[in-house]
1. What number comes out for the charge environment of Glu146, summing +1 per Lys or Arg and -1 per Asp or Glu over other residues with Cβ under 15 Å away?
2. With a 10 Å Cβ neighbour count serving as the proxy for reagent exposure, in which order, fewest first, do Lys266, Lys314, Lys33 appear?
3. How do Ser121, Ser333 line up, fewest other C-beta atoms within 10 Å first?
4. Give, as a single signed number, the net charge of other residues whose beta carbon lies under 10 Å from the beta carbon of Val285, with Lys and Arg counted +1 and Asp and Glu -1.
5. Once the mean 1/r over all distinct Cα pairs of region 90-142 is inverted, what Kirkwood radius in angstroms do you read off?
6. Taking a threshold of 31 Å on the Cα-Cα distance, which of the pairs Lys26/Lys326; Lys33/Lys368; Lys5/Lys368 fall above it?
7. By per-residue mean of other Cβ atoms within 10 Å, what is the highest-first order of 272-280, 197-205, 234-242?
8. Mind putting together the pair-distance distribution for region 1-134? All Cα pairs, 5 Å bins, whole percent per bin, short to long.
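Any read-out appearing in this document is the output of simple, stated calculations on the displayed coordinates, not a laboratory observation. Only a predicted model underlies this, so the values are computations on that prediction, with no experimental measurement involved. Because the Cβ atoms are built from the backbone with ideal geometry, glycine has one as well, and the counts that use them run over all protein chains shown.
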Amino acid sequence: MRGYKAQIEEAELLASPPEAVAAFLKARSELLKTGANSSELDREFENALRSRGDPRIDFALARYGRFGEVLKPIFQAAAPTSAIRLAALSNSTVGGGFMSQFPFNVIGPAPELVAWLNTCSEDEIEALFDNPLLADSFLTDMMRRERDYEGIYIDRLARFVMQLSRNPRMVKPYDEESDGMDGYAEYSHGAVFDAGWSLCETAPTTRLWAAALSCLYDRMLPDSFSIKAPLDHLARWASPTDEETVKDEASGFEGGWLSDWQGVRKGIGKLALHTNGALLADFLVSEDPALRCAAYAEAALTPDQLTGAHERDKSLAWTYLHRNQKLWRTAASRQVLHDIAWAVCREDKHSDMLAPNTFNYLRSEFAKKNPQWFADEEDWAPEPDSQPATKADVQAIHELVATQNAVPAFEGVMASLKTLQTKIGWIWWMALGGLLVAVLKR
């Protein structure tokens, strides 16, 4: 039974303008996410709001409402792909908490849900599969295509999996402190990861599925209780040997990226390393760049191993090394990452300084979020003036000069030189003098 305070609050909101109701629902949604909400207002209150028949209130309920039985008629009455449907699908409050029933409580039971999934729009796919409240049972059964989910079109499932790779749920470990000490809840949470990894055994080995699993495995936690020997599945995802794929993989290697096929194998390697850390030495010398990159992305490598990774794989190594948080925890490994970032820049005559800039940005971000990693270091800031000019820098200005046809166009050269000045010091004046002569002679 609701207390008098809830009755007063309900009466006030039922008489309030739609904008005030929307503001209240939004604020309550934020409090619910933190577990700090103290409002006693329940589904009867939300139903009373819906009975007002105001589209602005209905939209606020779809976006911030708490109870699925209130959202469901709003969702079903709305046109496909309408904003109000997208709001309901992305609602991160409805049915939250232990044993979420989303999206069943908004779309319907499994048979209805499967029919909807087979026809929903791209926007609806994104809104639904970005939502961290998706029920464990829904995700597990869908990826396994079990029970009522056999009817999901296999290519549609690949699209769902690709979108799911962005969902924060797929990188969230079970936390007893926030999720509770509950054996079944912990099993249910882990079963989602297991279902995702099991796709390397069951999914069709098509380009579409290689792209989907490459995305999923790049981020998803390496947690599987059913796959005992992950490396047994590498051969299943061997890269095709047609000329186009071979050419694309060679080009990707030079550009610092793996193909989708290699990405799946990298993911399998990540799972294998999580299961057996002793595989690291073999991975680092593997002929398969996917396994080497699994080591670069996941293992706590020594400075010598980091140097060896760059010597062998150049920019490809950098792509995966700098994303490995383990390598940012010590000053020694950070220094090697710094050196690799600048080496990658020097090795590319068309370098856009992305690697050094990425290092500087990540170094600053990690220092803010994990100051304990940097406790023994003095205050740090990038010192552009102390960095050497690269061949790419000089080449870029040379190419710019070659395109100038008149003295007024020299302004473009000046802009480039001023940018370059921040990191090359004295070479600025030499370059400026030489370029003035070159341009004015035209």
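1. Values: positive: Arg144, Arg145, Arg147; negative: Asp136, Asp141, Asp148, Glu150, Asp194, Glu201.
Residues close to Glu146 contribute a combined charge of -3.
2. Lys33, Lys314, Lys266
3. Details: Ser121 12, Ser333 20.
Neighbour counts put them in this order, fewest first: Ser121, Ser333.
4. Working: positive: Arg292, Arg312; negative: Asp282, Glu287.
Neighbour charge sum, excluding Val285 itself: 0.
5. 11.3 Å
6. Numbers: Lys26/Lys326 38 Å; Lys33/Lys368 24 Å; Lys5/Lys368 43 Å.
Long pairs (Cα-Cα over 31 Å): Lys26/Lys326; Lys5/Lys368.
7. On the way: 272-280: 16.1, 197-205: 18.0, 234-242: 13.8.
In descending order of packing, they fall as 197-205, 272-280, 234-242.
8. Values per bin, smallest distances first: 2, 11, 21, 24, 19, 13, 7, 3, 1, 0.
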